[in-house]
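Notes for the one structure printed next.
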Amino acid sequence: MTPPDVLVVGAGSAGCLVAEFLSRDSSRRVMVVEAGRGAVFESRLDRLPIDHPVRAAPIPERRGRPMVRGRGLGGSSAINGGYFLRGHRADYFSWPWPIDEVEAAFTEVERIMRVHRFSDAELGDVARATETWAGPQTGGEWPRVGVNRVRTNSVDGVRWTTANVLSVDRPNLLVRAETPVARLLVRAGRAIGIETGDGEAISAGEVVVCAGTTGTASLMAPIVGPMPLHEHAERIVRFTPRRALVSTALLQTVIHTSSGLEIRPYSDDFASFTSLAQTGVPIGVADMAGTQGAVADGVVDLGEPDADSAGRLEVGVETVVRMLGSEEFVDLVEPGSVRVDPTVGMSQHAWGTLPAGTAGTAGTAVDADGRVDGVRGLRVIDGSILPGPLSSGPHATILMLAALIASRWD
């Protein structure tokens, strides 16, 4: 087989979009290799398939905290909550991409990902009570401090994933599923291809690693060594509902605070969306500044909130407790049932192991086009390259960067 011009490692959230954008040029041969299955996985928003035996992959973490990433075509976009929020516009001002390119890429991605705002008629009980308590919405396409109605990538209640976007019939595009990658092949300072788990060598003109933050870290470790890692610490306040709740999607509205918290009023007990046992209806309080963890010697450590972060989280918890005790929630919350989880959880948002910046800048692993410093013909495009914190979850931004970088390929 003629070696592809571009070999994309990973057909997850970013990889599918990179491959679809690059293969729009019919003269460019694109191959995608994916460790999981190749079929489009369809699931409704009233289910959260993080417990799926095939499509959800648990990731070991040093402190034993749960980590789950998507596996197969579409990656985590096929099993996440269908939350698709940009960061705040100001989040991107210091990033190495012009804000007009960022905005244009968001517009294109939101079009092809079928992104729309949850309507008033779709709101569940918890989201409706939260918006009544917190006041009018403040954000549109760009979220802001205050109440932000969630935007979602779905069609008629079914997730629209990056696998749907990649499902195009092009003679210059080849997707090889169930093909795990063991290592990157580098010779004389240039990436020349990959070696699969079966020992097969696949050559390529250029290799783009889109294996997700933790998957990419395992492939990049022999090249760059230990890497930083960031997560969004999340404290959970729970309550027992007084009655059955209306909930068509996991998360439909959020509150962004001036201190950098995202308050997440989940629509119902996670048992309503998964096979997990009932634990109460959760309201999440996430510090979007991020923790400082690391990936070293193949071990993932998500870090812990520092003292400042812990203080912000405590204030957020107090706010949520007041909210649940308000008259807006009196019909939903069983009296005396509000409680706070004793441990701090994480948001399944690992990011920033290889932060993008200007080539040659100290501490920068990749440039603004995803090129890896010191290795020609190798790029990284996924959550690994986020260069700083966001006020919202990172999924929409990761897809935006995949589209932005692929659109200006040279």
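Throughout, read-outs are computed from the coordinates displayed, never taken from laboratory work. Keep in mind the model is a prediction, meaning the values are calculated, not measured. FYI the Cβ positions are ideal-geometry reconstructions off the backbone, even for glycines, and counts take in every protein chain you see.
Taking the fewest neighbouring Cβ atoms within 10 Å as the starting point, the ordered list for Ile202, Ile283, Ile112 is Ile112, Ile202, Ile283. Would you work out if the stretch 107-158 is rounded, prolate or oblate? Take a ≥ b ≥ c from the square roots of the eigenvalues of the alpha-carbon gyration tensor; rounded if a/c is under 1.5, else prolate when a/b is larger than b/c, oblate otherwise. Here the stretch 107-158 falls in the oblate category. The charge dipole of the stretch 1-116, taken about the Cα centre with unit charges on the Cβ atoms of Lys, Arg (+1) and Asp, Glu (-1), comes to about 520 debye, rounded to the nearest 20. When only alpha carbons are used to place a centre, the stretch 237-263 and the stretch 61-120 end up 19 Å from one another.
Tell me the trypsin sites (Lys or Arg not before Pro) within the stretch 132-235 that lie in a loop according to DSSP and have at most 16 other beta-carbon atoms within 10 Å. List each step's numbers first, then the result.
Working: sites: Arg144, Arg149, Arg151, Arg159, Arg176, Arg183, Arg187, Arg190, Arg235; in loops: Arg144.
Passing sites in the stretch 132-235 are Arg144.
In the chain, the C-alpha radius of gyration followed by the widest Cα-Cα span (Dmax) gives 20.9, 68 angstrom. Taking the Cα centre of the chain as the origin and placing charges on Cβ (Lys, Arg +1; Asp, Glu -1), which of Ile192, Pro387, Trp409 is farthest toward the positive end of the dipole? After comparing all options, I get Ile192.
Pop out the Kirkwood hydrodynamic radius of the stretch 210-278 from its pairwise C-alpha distances, inverse of mean 1/r, in Å to one decimal. Walk me through the numbers before you get to the answer.
Details: mean 1/r = 0.0634 Å⁻¹.
About 15.8 Å for the stretch 210-278.
For the chain, the longest principal axis of the alpha carbon atoms and the long axis of helix 125-134 meet at an angle near 80°. Which shape class, rounded, prolate or oblate, goes with the stretch 100-239 when its Cα gyration tensor gives a ≥ b ≥ c as root eigenvalues, a/c under 1.5 marks rounded, and past that a/b bigger than b/c marks prolate? Prolate, because a/c is 1.5 or more and a/b exceeds b/c.
Using all pairs of distinct alpha-carbon atoms, the Kirkwood hydrodynamic radius of the stretch 286-337 works out to 13.6 angstrom.
Taking every DSSP helix (H) stretch of at least 4 residues in the chain, weighting each as -39,500 (n - 2.57) and dividing the sum by the residue count yields a mean residue ellipticity at 222 nm of -6000 deg cm²/dmol.
Rank-order 41-47, 292-298, 365-371, 392-398 by packing density, defined as the average count of other C-beta atoms within 10 Å over each peptide's residues, highest first.
392-398, 365-371, 41-47, 292-298
The stretch 284-307 and the stretch 318-393 have their alpha-carbon centroids 9 Å apart. For the stretch 32-124, what does the relative contact order come out to in percent, with C-alpha contacts under 8 Å and a separation of six or more? Normalised by residue count, the contact order of the stretch 32-124 is 23 percent. The distance linking the stretch 210-231 with the stretch 5-60 is 18 Å (Cα centroid to Cα centroid, whole angstrom).
Normalising by the residue count of the chain, find the relative contact order in percent from Cα pairs under 8 Å and 6+ residues apart. Please report the intermediate quantities before stating the final value.
On the way: 1018 pairs, mean separation 94.4, N = 410.
Worked out over the chain, it gives 23 percent.
Ranking of Ser258, Ser247, Ser167 by neighbouring Cβ atoms within 10 Å, starting from the fewest: Ser258, Ser167, Ser247. Listed by Cβ neighbour count within 10 Å, with the fewest neighbours leading, Trp351, Trp97 appear as Trp97, Trp351.
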